[in-house]
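Trainee: Have a look at this one before I ask anything.
The values are calculated or read from the model by the stated rules, or taken from the named source; none is laboratory data. These numbers come from a predicted model, not from an experiment. Don't worry about glycine lacking a Cβ; one is built from the backbone with ideal geometry, like all the others, and counts go over all protein chains shown. Accessible surface is based on the protein model in full, side chains and every heavy atom, while ligands, DNA and RNA are left aside. Shrake-Rupley method; radii C 1.70, N 1.55, O 1.52, S 1.80 Å.
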Amino acid sequence: MIILETDRLLLRHLEPDDLDDLFALYCDPDMRRYIPDAPRTLAETREQLAWFENGHPRHPELGLWATIHKETNRFIGRCGLLPWTIDGRFEVEVAYMIAKTHWGQGLGTEAAQGIRDYGFESLGLARLICLIDHDNQASIRVAEKIGMAFEKEGRDEIGPFLLYAVQKNGSLATGRNV
Ligand SMILES: CC(C)(COP(=O)(O)OP(=O)(O)OC[C@H]1O[C@@H](n2cnc3c(N)ncnc32)[C@H](O)[C@@H]1OP(=O)(O)O)[C@@H](O)C(=O)NCCC(=O)NCCS
């Protein structure tokens, strides 16, 4: 199922045939440097793919989606929207991961912008966040480029993170459960 399109990208539900491409993405140490909890093995990747095949099981409108380069029809990343509870508050994170072969072409920003607009306009979310490692400058830049600002530091079982956030229309809305 297609979720959204941008000029150069198409985002759709993950499918079983994406397994090798998704695993290849996770095998790249540069890809997982700031995402240490990403699947490590083919079996873990298969498990994650099955989990997200119809969207997030508890929030089917959210999930990690295959990110396809329209010009070549190639799988070049996995991006999406993920639900979290942080400090007792329901939050939705814009997640992005683009294959190294396609870095530096504005595709991470383009995917994140498309997902932000989809979250606000199609899903009616009032607030979106990014959880980012302190040292992940590329991700911080993408978050800033889609209008997010640093809000606070936090820590979970994986380690410390920076929380960036953007409100729909720049309002001070407090978010809404989906
Ligand atoms: C984050 C990521 C998606 C960015 O993808 P991308 O397609 O290269 O990003 P863009 O081309 O849209 O670049 C976005 C901005 O980041 C900047 N940038 C990219 N890499 C950078 C780096 N290593 N250090 C500093 N800035 C960087 C770019 O210059 C650009 O800013 P500018 O327009 O002001 O020049 C990609 O690096 C990635 O997949 N990383 C691994 C997974 C990951 O860490 N995801 C985020 C988890 S929170």
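Trainee: For the stretch 55-113, what relative contact order do you get, as a whole percent, if you take Cα pairs closer than 8 Å and at least 6 residues apart?
Mentor: Computed over the stretch 55-113, the figure is 24 percent.
Trainee: Under 10 Å, Cα contacts only: if you run a Gaussian network model on the chain, which one of 27, 79, 130 comes out with the highest mean-square fluctuation?
Mentor: The residue that fluctuates most here is 27.
Trainee: Which longest uninterrupted range of the chain lacks any GluC sites (Glu not before Pro) assigned by DSSP to a loop state (not H, G, I, E or B) and surrounded by at most 11 other Cβ atoms within 10 Å?
Mentor: 72-156
Trainee: Which of these, 113, 167, 105, has the largest mean-square fluctuation under a Gaussian network model of the chain (Cα springs below 10 Å)?
Mentor: 105
Trainee: Turning to a different aspect of this structure: What is the chain's relative contact order, in percent, from Cα pairs under 8 angstrom and six or more apart in sequence?
Mentor: Relative contact order of the chain: 18 percent.
Trainee: State the percentage of accessible surface on the chain attributable to carbon and sulfur atoms; use a 1.4 Å probe and exclude ligands, DNA and RNA.
Mentor: On the chain, the fraction of accessible area on carbon and sulfur atoms equals 48 percent.
Trainee: Related question: With every protein chain left in place, what is the accessible area per residue of the chain in square angstrom, probe 1.4 Å?
Mentor: 51
Trainee: OK, next. Using a Gaussian network model of the chain with C-alpha springs under 10 Å, which one of 11, 162, 64 is most mobile by mean-square fluctuation?
Mentor: Of the options given, 162 has the highest mean-square fluctuation.
Trainee: How about residue 168: which lysines have a C-alpha closer than 24 Å to its C-alpha, ignoring those fewer than 8 places off in the same chain?
Mentor: Within reach: 145, 152.
Trainee: While we're here: Considering the options 86, 105, 120, tell which one lies farthest towards the positive end of the dipole of the stretch 75-122, charges being +1 on Lys and Arg and -1 on Asp and Glu at the Cβ, about the Cα centre.
Mentor: Among 86, 105, 120, the one farthest towards the positive end of the dipole of the stretch 75-122 is 105.
Trainee: Could I ask something else about it? Taking the Cα centre of the stretch 42-159 as origin and charging only Cβ (+1 Lys, Arg; -1 Asp, Glu), how large is the dipole, in debye to the nearest 20?
Mentor: Approximately 300 debye in magnitude.
Trainee: A further question follows. Just to compare against my own numbers: the Cα pair-distance distribution for the chain, 10 Å bins, whole % per bin, please.
Mentor: In whole percents, the pair-distance histogram is 10, 40, 40, 10, 0.
Trainee: Run the numbers for residue 74 and residue 59: contour at 0.36 nm per residue of separation, minus the present Cα-Cα distance, in nm.
Mentor: Between residue 74 and residue 59, full extension yields an extra 2.7 nm.
Trainee: Using Cα-Cα distances under 8 Å and only pairs 6 or more residues apart, what relative contact order does the stretch 1-73 have, in percent?
Mentor: Once normalised by length, the contact order is 41 percent.
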